[in-house]
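None of the figures in this text is laboratory data; all of them are computed from the coordinates on show. Not measured: the values here are computed from a predicted model. Don't worry about glycine lacking a Cβ; one is built from the backbone with ideal geometry, like all the others, and counts go over all protein chains shown.
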Amino acid sequence: EVPRVYQRVDRGGGVVLIRNDNPDPSELIRSILIQRGEVVDSMSPSMVYVWRASVDDTHYNVPQDFDVTLGTGRSFELNGSEAVEARGTWKDRAAYPAAGPFVARAVRCGGDVIYLDAWLYSPNPRRSKYEYMTQLEEILDSFTCVAVP
């Protein structure tokens, strides 16, 4: 379940962006992008990285590059559905230096794969990123597949 402080934007084409930039986007942004994709035979953390690279240029205000955090990929069951996860750090390609951690997932839902990308921007070195990443992971963990009529 997504807290009310997050704003939801339906971008069409099976893409939804959920974002919380309170109190000020120059200080803190929590963002989750959700995209419906076609079913695949097998899922792996590497496919999640490939998907994330494909959405950076088209769905974020400033395109991002990212570094893979080796050894952090995993396969697991999420609320009864097959899922895979990948983690790393992102960095804006713009002149303004912005970067932070991300966690991205793919979840098999019937005949589709649902991709989720959660990232954090929190440049204040005195502010713990752990609390905000935990919040994003709790939101991702609440995801369940729902049959669409």
Worksheet entry | Listed candidates [x] 42, 33, 27; [y] 72, 31, 23; [z] 77, 34, 25 - label of the one calculated as Cα extents along the principal axes in Å | [x]
Worksheet item: Quick one: putting +1 on the C-beta of Lys and Arg, -1 on the C-beta of Asp and Glu, what dipole do you get for the chain around its Cα centre, in Debye to the nearest 20?
Response: 280 debye
Response to the item:
If one builds a Gaussian network model of the chain from Cα atoms under 10 Å apart, the most fluctuating residue listed among LEU120, LEU136, LEU28 is LEU28
Item to complete: Calculate the length of the line joining the C-alpha centroid of segment 111-149 to that of segment 7-55, in whole Å.
Response: 9 Å
Worksheet item: Which is farthest toward the positive dipole end of segment 94-149 among PRO97, TRP119, SER142, measuring Cα position about the Cα centre, with Cβ charges +1 (Lys, Arg) and -1 (Asp, Glu)?
Response: PRO97
Worksheet item: Nearest 10 degrees, 0 to 90: what angle lies between the long axis of helix 45-59 and the longest principal axis of the chain (Cα atoms)?
Response: 60 degrees
Response to the item:
For the VAL39, GLU131 Cβ pair and Förster radius 30 Å, calculated FRET efficiency rounded to 0.05 is 0.25
Item to complete: Determine the relative contact order of segment 7-141: mean sequence separation of Cα pairs under 8 Å and six or more apart, normalised by residue count, in whole percent.
Response: 24 percent
Worksheet entry | Förster radius 25 Å - calculated FRET efficiency between ASP112 and HIS59, Cβ distance, rounded to 0.05 | 0.90
Item to complete: Would you mind calculating the gained length between VAL16 and ASP67 on full extension (0.36 nm times residue separation, minus the Cα-Cα distance), in nm to one decimal?
Response: 16.0 nm
Item to complete: Pop a pseudo-label 7 angstrom from the Cα along the beta-carbon direction at both SER81 and VAL9 and give the gap in nm to one decimal.
Response: 2.3 nm
Practice prompt. For the chain, find the longest principal axis of its Cα atoms and tell me its angle to the long axis of helix 129-141, 0 to 90°, nearest 10.
Written response: 20 degrees
